[in-house]
Amino acid sequence: MPGKRNPEEKVSRLTGAVGDTLREKGYHGLGVNKIALRAGVSKPMVYEYFGNLNGLLKAYIGKKDTWLAYFESLELPENPTTEELKTCFIRMLQDQFRYFHGDREMQKLVLWQISEYNPLMRATCEAREREGVRLLELADGHFRKSGISLKAVMGMLVGGIYYNVLHDSAGLGTLAGVDIKNEKEFDTVLKTIAQVIEWAFQAAEFANSRKN
C-alpha cells in the first residue's frame, strides 16, 4: 500500500532529521524549517503529521528515550530479595553508563534537559523519575533505619555518569585522571559503579546489625 508507506516514510525521515540536527547542532538548532529541509519534506507536512514542532519533538523523544521500556524489561520477582535488588541497580546503572556514553543524541537530549526549562523535557524526565523511584522504594526495608540513603547514592551516581560522559563528549580530557575513552579505564568506571552500590548495601546491613 504505497499511500500508507509514504506518510510513514516521511514521519521516519522527520524524526531522523531531529536526531541528526541534535547531534550536529544541539537543541538550539531545532526548528521546523531546518528539520523539514534536512528531511526533504515540505514544512506543511510537519504540521499535518505532528501538529507543531513540539509534537514532532515529542514523537522523537518517545522513540529515542528508551528508559521506560528498559524499566519494563527488568526481570524482578514480585517480592525481590535484597540481593536481587542490588544486582538490578548495579546492572541498571552500568547499562545507563554504556548507553549514554555510546549515544550522541541522548547526550544532547540530557544536556537540553539540564540546561533550561522545557515542559516536554520536564514531562519526559518526570516519567523516568517515577519509574526509578518505584524501584528504589522496593529497597526501603533494607535502608529505612540504617542512616544510609540509597536514593541519594543513586542520584549521585546518575549525576556522575551524566557529567563524566558529557565532559568526555565535549573533548575536555580526563576527569580525576580517568579517561573513559580508554577501554580499561571505562571498565574501571563500570566496576566502581558496582562497588559503590555494594558498599551502600553493606553499610546499611552493618548499621542494621548493630541495632539488633
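The values are calculated or read from the model by the stated rules, or taken from the named source; none is laboratory data. Keep in mind the model is a prediction, meaning the values are calculated, not measured. Here the Cβ positions follow ideal geometry from the backbone for every residue, glycine too, while neighbour counts run over all protein chains shown. To get the accessible areas, we keep the full protein, side chains included, count just its heavy atoms, and leave off ligands, DNA and RNA. Shrake-Rupley method; radii C 1.70, N 1.55, O 1.52, S 1.80 Å.
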Return only the number of the condition from (1) touching a Leu at 6+ places or on another chain (Cβ under 6 Å); (2) surrounded by fewer than 14 Cβ atoms within 10 Å (Cβ to Cβ) that residue 202 does not satisfy. (1)
Matching residues in the stretch 177-191 (closer than 18 Å to residue 93 by Cβ and not aromatic (Phe, Trp, Tyr)) number 8
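Tell me which residues, restricted to the stretch 163-179, are within 17 Å of the chain's Cα centre (by Cα) and open to solvent by 50 Å² or more (accessible area, probe 1.4 Å).
Residues of the stretch 163-179 within 17 Å of the chain's Cα centre (by Cα): 163-169.
163 - this is the single residue of the stretch 163-179 that is within 17 Å of the chain's Cα centre (by Cα) and open to solvent by 50 Å² or more (accessible area, probe 1.4 Å).
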Selection count, the stretch 50-76, where residues are without any contact (Cβ under 8 Å) to a residue 40 or more places away in the chain and among the charged types (D, E, K, R): 2
Filter the stretch 12-40 for residues that are of a type in the set (A, V, I, L, M, F, W, C) and modelled with pLDDT of 90 or more; the one that is most open to solvent (accessible area, probe 1.4 Å) is 37
Which residues, counting only those in the stretch 96-114, are surrounded by fewer than 20 Cβ atoms within 10 Å (Cβ to Cβ) and either farther than 25 Å from residue 57 by Cβ or in contact with a Ser or Thr (Cβ under 6 Å, 6 or more places away or on another chain) (or both)? 98
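Of all residues in the stretch 8-49, count the ones that are touching a residue at least 40 places away in the same chain (Cβ under 8 Å) and farther than 16 Å from residue 106 by Cβ. First the steps, then the outcome.
First, the residues of the stretch 8-49 that are touching a residue at least 40 places away in the same chain (Cβ under 8 Å): 11, 14-15, 18-19, 22-23, 26-27, 49.
With farther than 16 Å from residue 106 by Cβ added as a condition, the list becomes 11, 14, 49.
Looking only at that region, the number is 3.
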From 93, 76, which residue is touching a Cys at 6+ places or on another chain (Cβ under 8 Å) and either over 26 Å from residue 18 (Cα atoms) or of a type in the set (D, E, K, R) (or both)? 76
